[in-house]
Every structure is written in structure tokens, then in C-alpha cells.
Amino acid sequence: MKTEEHQMYKIGELSKIIGMSPYTIRYYDKIGIIRPASVSYNNYRYYSYDQFWKFELLKIGRQLDFNLRQQKKLVSMNKNESVIELIRCQKQKAQEKLEKYEKIVDDLTWFENQWKELSHFKQLHKIQSEWCSDRTVIYHKNLRESKEFHLTLQNISKYEISISTSVKRKYGYILNVEAFLKNEFKMEGEFLYLYRNEYDSVNQENLLSFPEGEYICTDVEVFDYKFMEISSLLEYIEQHAIHPKKVILEEIGLPLFEHRKKLLCKIMVVI
């Protein structure tokens with residue numbers, strides 16, 4: 001009578017014992033990861049008791065996201081030190097994936113919050129003073145009255161966007177101060193902020209810095225880049241004898257489709 005150590009098992013028997021499909025066992029045989037211990041004259045494949053542990057290693061490897069090359073390497077090893085080194089390499093890869101997906105989750109959360117900003121917008125014309133940190137943005141001066149200037153900004157910033165590890169961004173516009181004080185809408189240029197202050201590929205002439213300091217802010221609706229209601233803000237500026245140094249119009253949220261004709265924006269007056 002054969003002992004367990006010397007007994008041979010057909011694929012069907014092996015499948016039931018180890019909980020792996022016959023197809024998968026045959027596939028591992030086909031690609032040379034685990035060959036049967038013997039093959040009979042009528043082409044029946046038999047596996048030995050000693051091979052059970054290798055199949056268990058394969059199942060562990062699959063749970064640890066090992067690829068087929070790594071799994072083949074794993075079952076061919078006969079030293080614990082070699083296995084530990086393979087595990088350490090896989091741990092490093094898993095850590096890199098974890099960091100990548102943490103960033104993706106962070107970006108998705110940011111995108112979701114951008115939509116919430118848009119959907120919960122209320123035009124209250126509340127005017128308030130805010131302290132803002134300094135920022136550097138990619139900037140394109142609007143030299144002609146055309147909406148195509150946005151494409152120029154995209155062209156200037158395309159490399160910085162391509163190397164960015166995040167989708168977070170803010171679009172905005174610099175308004176002509178003199179026209180603003182007359183309640184007229186006139187853009188001097190458009191900017192893009194990528195939530196960082198260094199842009200190595202952008203020429204200095206296309207970089208613009210916003211200083212740290214106090215800003216007078218309010219939310220407004222901008223219609224087709226031509227009109228916005230700012231009479232209450234202008235009254236506030238006049239009453240407090242404010243002399244704007246720069247007027248920034250920053251889009252709220254990240255408008256995608258239906259909001260492009262009516263932008264929801266935040267006016268930031270540098271004082």
C-alpha cells in the first residue's frame with residue numbers, strides 16, 4: 001500500500017484537494033511552472049504529494065500579485081533567503097502601487113469636491129477679506145480679442161501638465177483694473193495654477209506671481225466672458241478707499257460642459 005508521500009494524483013483528484021481548477025493546473029503545466037511528476041503511456045498526468053506545497057506557493061503568490069515569471073521563480077527556489085528577497089522586491093512594488101492609488105483617490109476626491117463647489121454655488125455677493133498665500137501660475141497675455149487664447153495657454157503648459165502627478169488645477173483670468181473700476185469686463189490674460197510654484201519648462205515671460213497678503217473676495221457669475229454683476233463690490237471698494245493693484249478672476253470648481261457659457265467665479269482683488 002502506497003503512503004501519502006508516494007501516492008500519485010490525477011489532475012481531477014489534485015484539483016479537489018487543493019481547490020484549483022483543472023484548467024489552471026493544466027495551464028501551469030503548459031507554460032512550465034509546475035510539470036507533472038510523471039506522464040503515463042496514455043498521456044495521463046500524475047502529481048506527487050511533494051508538489052502540493054508548490055501549488056500552495058502559487059496560490060500565495062497570486063494573492064501577493066506575483067506575475068507568472070515571479071511565480072515560476074518562486075516555486076523553483078529552495079532557499080528561504082531567496083524567497084524573502086523576492087518578497088521584499090514585491091513589497092517595494094506594492095508600496096509604489098499603494099502610493100500611486102492613494103494619489104488617484106486624492107485626485108478623485110478633489111474632482112468630487114470641485115463638482116460640489118459648482119452644484120452648491122449661491123450667488124450671495126458676500127464680500128470678505130481673505131489672507132492668501134503666494135502662488136506662481138502659468139500665464140498667457142491676451143493679445144487679441146479671441147477665445148482661442150485658451151488654446152495658446154494649453155500649448156504653453158502642455159509639458160507641465162504631462163509631468164504633473166495630479167489632475168488638480170485652477171483656471172483663472174487677470175482683469176484690466178481700469179476697466180474693472182468702470183464696471184466693464186476686460187481680460188488681460190488667462191492663467192493656469194497646477195498647485196505648485198515651480199514650472200521648469202515655462203519661459204519667465206509666461207509665469208506670473210500672486211503675492212501673499214490680504215485680498216478682497218466675492219463670488220460672481222460671468223456670462224460668456226462678457227459681463228458680471230459687481231456693483232456691490234465696486235461700492236465696497238469705493239467706501240473703503242481701496243486702490244486695487246491687481247484683479248484676479250478664478251473659476252470655482254472645474255467647469256466641464258454646461259457651465260462654460262456661465263462661469264461661476266471668485267473675484268480676488270489684490271490690495
**Request:** For segment 123-270, just list the percent of Cα-Cα distances falling in each 10 Å bin from zero outward, please.
**Result:** 11, 42, 36, 11, 1
**Complete:** Counted neighbours (other Cβ, 10 Å), sorted fewest up, put 234, 74, 208 in the order 234, 208, 74
**Asked** Which semi-axes, in whole Å and largest first, does the equivalent ellipsoid of segment 80-120 have when worked out from the alpha carbon gyration tensor as the square roots of 5 times its eigenvalues?
**Response** 39, 5, 4
**Asked** How large is log10 I(q)/I(0) at q = 0.16, 0.17 Å⁻¹ when the Debye formula is applied to the Cα atoms of the chain, each weighted equally and without solvent?
**Response** -1.21, -1.32
**Asked** Pairs 100/126; 158/262; 126/262; 126/186; 126/158; 54/91: which exceed 28 Å Cα-Cα?
**Response** 100/126; 126/158
**Prompt:** Alpha carbon centre of segment 77-119 versus segment 160-191: separation in Å?
**Reply:** 34 Å
**Request:** Find the Cα radius of gyration of segment 1-138, compare it with 2.2 N^0.38 Å by division, and give the number to two decimals.
**Result:** 1.90
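Using alpha carbons only, what's the Rg to Rh ratio of segment 8-76 with Rh from Kirkwood?
In segment 8-76, Rg relative to Rh is 0.95.
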**Request:** Pull up the cross-link candidates among the aspartates and glutamates for residue 182, meaning alpha carbon to alpha carbon under 18 Å and not fewer than 8 places away within one chain.
**Result:** 221, 229, 235, 238
**Request:** Name the residues whose placed amide hydrogens come within less than 5 Å of the amide hydrogen of residue 189, ignoring near sequence neighbours (fewer than 5 apart) on the same chain.
**Result:** 142, 174
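In percent, what relative contact order does segment 8-76 have, based on Cα pairs under 8 Å that are 6 or more apart in sequence?
Working: 59 pairs, mean separation 22.0, N = 69.
Computed value for segment 8-76: 32 percent relative contact order.
All of the numbers you see were taken from the coordinates with simple rules; none came from a lab. The model shown is predicted, which means the values in this text are computed figures rather than measured ones. In this analysis, Cβ positions are derived from the backbone assuming ideal geometry, glycine residues included, and neighbour counts consider all displayed protein chains.
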